[in-house]
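So the structure is just underneath, and the comments pick up after that.
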Amino acid sequence: MKALKTVGRRPRRLDAEAKVLGELVYPSDRCLEGMLWVEVVRSAHPHARIESVDTSAAAAVAGVVCVLTAKDVPGENAFGIQIQDMPVLCHDRVRYMGDAVALVAAESRAAAREAVARVRVDYEVLEPIIDPEQAMQPDAPALHPGGNILHRGHFQKGDVEVGFKKSAVIIERAYQVPMMDHAYLETEAGVSYYDDSGSLTVESCGQYVYRDQTQIARALGLPLEKVRVTAPYTGGAFGGKDEITVQIHLALVTYHTKRPAKMVLSRDESIVSHTKRHPARMWYKTGASKSGKLLAVWCRLVSDTGAYASLGGPVLNLMMEHCAGPYLVPNVSVDGFAVYTNNGFSGAFRGFGCTQACVAIESQMDLMARALRRDPLAFRRDNVLHKGDRAALDYEMKTKVGAEATIRAAGRGKLYRTRGKFKRDRSEHTRSMAPYIKRGVGVASQMQGLGLGVGLPDYAEVELNFSPDGAVTVRASTSELGQGAYTAYAQMAAECMGVPLEKVRVVGADTKTTPDSGTTTASRTTYAVGNAILMAAGKLRAELDKRAVGLEGISVRETFHLPVADVKLGDGLPHLLYSYGTHVALVEVNTLTGEIAVLAVEAYLDGGRVIFRTGFEGQSEGGVAQGIGYALFEEVLFDRGRFLNTNFDTYILPTSMDVPADIRTVPVEVKEDTGPYGAKGVSETCMVGVTPAILNALHDAIGVRFTRLPVRAEDVLRAVLERRR
Amino acid sequence: MKITVRLQINGAEARFEVDSTERLVDTLREKAGLTGTKVGCGIGECGACSVLLDGKVVSACLVLTAQVDGAKVATVEGLGKAGELSDLQGAFVREGAIQCGYCTPGMLMAAEAILARYRRPTTEQIRKGISGNLCRCTGYAKIVSAIRKTAGRRAIQRSGR
Ligand code: FES
Ligand code: FES
């Protein structure tokens, strides 16, 4: 292969200049002539029956143009990515505090807010269902017609009982992971209006404009072509803007008033209303032989999906798929349940079920290595999956498996090789404090399915245009959430068209001007859109050989269909392609105060060939920060279905003081044969292993196994005191 | 009752009629059309709305416009122009200190305040200096290095003078 000119390098992001100048217009910045401000009346209770809604006082507020309720939804009053079980506006029942009951549109935001307070809703308050185990009982009141179990799964490979009988060590633990908020810095926002051609247009913040278009059209009873959705740029998403947020509400106001409208959620409203990372309980029993071979993994996984389905089913499927990590286990038994409750509402979030499972299995791996007195990395390496092996759910791994390469690379890294030195170092502390300082190094390894998996339509269509002045335009409907994908697209287009990067432009996420490139999720865009770009470039070059470039230039379209596994175990289950990663973390614990500091993290990531090196590192560093948040800070708290922490004073995010200055990202470039230039994706695997690596480092530091996240200073203190007793 | 407030924004004089409860961030975004300054929390916790007020970094979501009559306000829009980025902006671009970019304007203003305070800030001083500015995307590492490199370049320029 000839040397690559732009792929694998460190170009400036295409959007960098507009962003540092403050010129990029985000959804929350849009302003339209004569626009109305829209505010939502949300439920006053986590669970209640609506008896009546009286909007007369609200409608009388000066400046209010309309107050809309369920009867004003002209189409199907329901949405949801997979199952449409969520009302656009509730008419008979509310199931969580974020449920929308009415919309107010007014000339000013102040008027809209005043009117919201004057909408009178009478409720018959119902007992909230807050415990997933109780919700599963046959006599529990049903939140949905099909009962409270949204989805369940059972998979078996071999016979775990036989495996446990042969095991020299058996470790049993229960894990509990919290609900986590995406906390993208820009809350959900957008504007709506009728464009010149009469299409109801919504410019917003979603992660898949074509699906948003379908959901809006269905709720409004409009033909698809009468609805246009755009969402090229937004201030972060991480999966939290995959489901509908403001889009249908905006469209509804413009539909009824024929006027432009704008919505920006407050932070409190954002946290209360959008999907979250599923809180979960995970019971694990694992066994290994004396010689250090994994023999059995048994687990029971219960995820609390909250009030509505969204992607709760597929998230559980991935939790089950990744329940045994990147390891070869002869005997596996997994039971999974995704259960409706009145605890908010959960869905997609970076890692998508793998995040939860990885916390549990990587803790188990560490405990087993300890019990066997084996080096934790060597123990992982000895059990790692290879191509051709049968995965936990008993299907064959048919593509290259980079797990071992990342483990070996981690073993060669400075942090792990010289961990003794790092652990002894007290040079930052005074002599009197030093005895109370404990340090530990921990590792974790993981795999992450790429793409939507088998059974779900997963394709990317792109358009490539070559203009007479030699410029290339890529049109793709995925969104730039911050990850840098548009820059990677431009690099690939420049490479395969043989033009300089400056000659490439990317137009994104508009149902009118860009073809359907699928979701901006599942670590899939670089791989999927990249492949489509390569296909289109081939066609374009052939056209250029055949004919002259007219004034319009030449445009071609191509669609890439993601290859999938040849077995189907469930929706999105399993995957054919995976990314892999191994993380090493150094933590320091002050046993007097309980304070935990993450001092350094090394990330060894196999996302295939790296296309945009700066973007790759950026994803990794941001993933480390989120992994630290999940391990040590973040938890959405409830009191009987009522949110307790809905802004950044009480929902605590890692700051620059909490994330180490020392993050080392090492790409382990196992080139994927089906990937564009050998690329896969990295945006999830970069985060998932961080949390268990920290838990394992804590164990190494103070000899305590934490099984409940987040681990706070008070938890450390309590554990240290208990050990002294 | 409306109150008349005069501000000097990025060097230009401006006059606003505001309610007593109007926040500076809304005056900037909605009346002055300067949407570079963002809102992430509205309660002084995220720093997305950071601007310089008479040279000091403040959260514009916590400042009432009526309180700061006569003040000098510096926002991201005053730092540089297309094709003429400031040294700090250039460093953010080169280092890859930007992802979604929503924290970037506030981060740049906080960084200017650090650079005004320390001639050669240490990594720790930089980390502390931006600890009021949340970034959910980058993990801060590249932001810290962009600020450190700018400080280095400015120090060389000063000594060359
Ligand atoms: S919006 Fe002002 S600090 Fe967050
Ligand atoms: S770049 Fe997204 S919040 Fe900082």
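For the structure I just gave you, tell me whether B:Val58 is away from chain A (no Cβ under 12 Å), outside any loop (DSSP other than H, G, I, E, B) and near ligand 1 (Cβ under 10 Å from one of its atoms).
On the way: away from chain A (no Cβ under 12 Å): yes; outside any loop (DSSP other than H, G, I, E, B): yes; near ligand 1 (Cβ under 10 Å from one of its atoms): yes.
Spelling it out, B:Val58 is indeed away from chain A (no Cβ under 12 Å), outside any loop (DSSP other than H, G, I, E, B) and near ligand 1 (Cβ under 10 Å from one of its atoms).
Mind checking which pairs have a first residue in the range B:113-134 that is within 16 Å of ligand 2 (Cβ to nearest atom) and a second that is at pLDDT below 95 and outside any helix (DSSP H, G or I), Cβ under 9 Å, 6 or more apart or different chains?
B:Ile126/A:Ala661; B:Arg127/A:Ala661
Within the set of pairs 6 or more residues apart or between chains, which connect a residue that is at the interface with another protein chain (Cβ under 8 Å from one of its Cβ atoms) and open to solvent by less than 10 Å² (accessible area, probe 1.4 Å) inside the range A:7-36 to a residue that is part of a loop (DSSP other than H, G, I, E, B) and among the acidic types (Asp, Glu) with Cβ atoms less than 9 Å apart?
Correct list of pairs: A:Tyr26/A:Glu186; A:Ser28/A:Glu186; A:Ser28/A:Glu188.
Being within 7 Å of chain A (Cβ to nearest Cβ) and within 11 Å of ligand 2 (Cβ to nearest atom) is the filter; apply it to the range B:136-147 and report the residue that is surrounded by the fewest Cβ atoms within 10 Å (Cβ to Cβ).
First, pick out the residues of the range B:136-147 that are within 7 Å of chain A (Cβ to nearest Cβ): B:136-142, B:144.
Next, only the ones that are within 11 Å of ligand 2 (Cβ to nearest atom) stay: B:136-140, B:142.
Values: B:Arg136: 27, B:Cys137: 29, B:Thr138: 28, B:Gly139: 31, B:Tyr140: 31, B:Lys142: 24.
Going through the qualifying residues, I end up with B:Lys142.
Select the strands (runs of 3 or more DSSP E) contained entirely in the range A:160-205, then report the ones holding at least 2 residues which are more than 30 Å from A:Ser289 (Cβ to Cβ).
Values: elements: A:169-177, A:189-194, A:200-203.
Counting at least 2 such residues, we get A:189-194, A:200-203.
Given the structure, is B:Thr27 at negative phi, within 11 Å of chain A (Cβ to nearest Cβ) and in contact (Cβ under 8 Å) with a residue 24 or more places away in the chain? So that I can check it myself, show each step before the final result.
Working: at negative phi: yes; within 11 Å of chain A (Cβ to nearest Cβ): no; in contact (Cβ under 8 Å) with a residue 24 or more places away in the chain: yes.
No.
Looking at A:Ala142 and the list (1) in a loop (DSSP other than H, G, I, E, B); (2) surrounded by 24 or more Cβ atoms within 10 Å (Cβ to Cβ), which single condition is not satisfied?
(2)
Right, A:Ile248: assigned by TED's automatic domain parsing to the domain that holds A:His45, assigned to a loop (DSSP other than H, G, I, E, B), of a type in the set (A, V, I, L, M) and more than 16 Å from ligand 2 (Cβ to nearest atom) or not? Step through it out loud before you land on a result.
Working: assigned by TED's automatic domain parsing to the domain that holds A:His45: yes; assigned to a loop (DSSP other than H, G, I, E, B): no; of a type in the set (A, V, I, L, M): yes; more than 16 Å from ligand 2 (Cβ to nearest atom): yes.
Spelling it out, it is not the case that A:Ile248 is assigned by TED's automatic domain parsing to the domain that holds A:His45, assigned to a loop (DSSP other than H, G, I, E, B), of a type in the set (A, V, I, L, M) and more than 16 Å from ligand 2 (Cβ to nearest atom).
Which condition does A:Met86 not pass, out of (1) more than 26 Å from A:Met35 (Cβ to Cβ); (2) open to solvent by 20 Å² or more (accessible area, probe 1.4 Å), if it passes all the others?
So the condition that A:Met86 fails would be (2).
Of all residues in the range A:356-396, which are in contact with an Asp or Glu (Cβ under 8 Å, 6 or more places away or on another chain), in a helix (DSSP H, G or I) and open to solvent by less than 10 Å² (accessible area, probe 1.4 Å)?
A:Ala369
Across the range A:259-280, what is the total count of residues that are of a type in the set (Ser, Thr, Tyr) and within 15 Å of A:Leu185 (Cβ to Cβ)? Explain how you work it out, then say what you get.
From the range A:259-280, those of a type in the set (Ser, Thr, Tyr) are A:266, A:270, A:273, A:275; that's our starting set.
Filter once more, keeping what is within 15 Å of A:Leu185 (Cβ to Cβ): A:266, A:270.
Final tally of qualifying residues: 2.
Output the number of the condition that B:Pro105 fails; it satisfies all remaining conditions of (1) open to solvent by 10 Å² or more (accessible area, probe 1.4 Å); (2) within 16 Å of ligand 1 (Cβ to nearest atom); (3) touching a residue at least 40 places away in the same chain (Cβ under 8 Å).
(1)
Among residues belonging to the range B:61-80 that are farther than 30 Å from A:Ala16 by Cβ and in contact (Cβ under 8 Å) with a residue 40 or more places away in the chain, point out the one that is farthest from the other protein chains (Cβ to nearest Cβ). Write out each step before concluding.
Residues of the range B:61-80 farther than 30 Å from A:Ala16 by Cβ: B:64-71.
This time we only want the ones that are in contact (Cβ under 8 Å) with a residue 40 or more places away in the chain, so: B:64-66, B:68-71.
Numbers: B:Leu64: 15, B:Thr65: 15, B:Ala66: 16, B:Val68: 20, B:Asp69: 22, B:Gly70: 24, B:Ala71: 20 Å.
Among residues in the range B:61-80 that are farther than 30 Å from A:Ala16 by Cβ and in contact (Cβ under 8 Å) with a residue 40 or more places away in the chain, the one farthest from the other protein chains (Cβ to nearest Cβ) is B:Gly70.
Name the residue, out of A:Ala625, A:Ala585, that is open to solvent by less than 30 Å² (accessible area, probe 1.4 Å) and more than 9 Å from chain B (Cβ to nearest Cβ). Reasoning before the result, please.
Values: A:Ala625 fails: more than 9 Å from chain B (Cβ to nearest Cβ).
A:Ala585 is the lone residue from the list that is open to solvent by less than 30 Å² (accessible area, probe 1.4 Å) and more than 9 Å from chain B (Cβ to nearest Cβ).
The values are calculated or read from the model by the stated rules, or taken from the named source; none is laboratory data. All of these numbers come straight from a predicted model, not from anything done at the bench. Positions of Cβ are backbone-derived with ideal geometry, glycine not excepted, and every protein chain shown enters the neighbour counts. Keep in mind that these areas ignore ligands, DNA and RNA; they rest on the heavy atoms of the full protein, side chains included. Shrake-Rupley method; radii C 1.70, N 1.55, O 1.52, S 1.80 Å.
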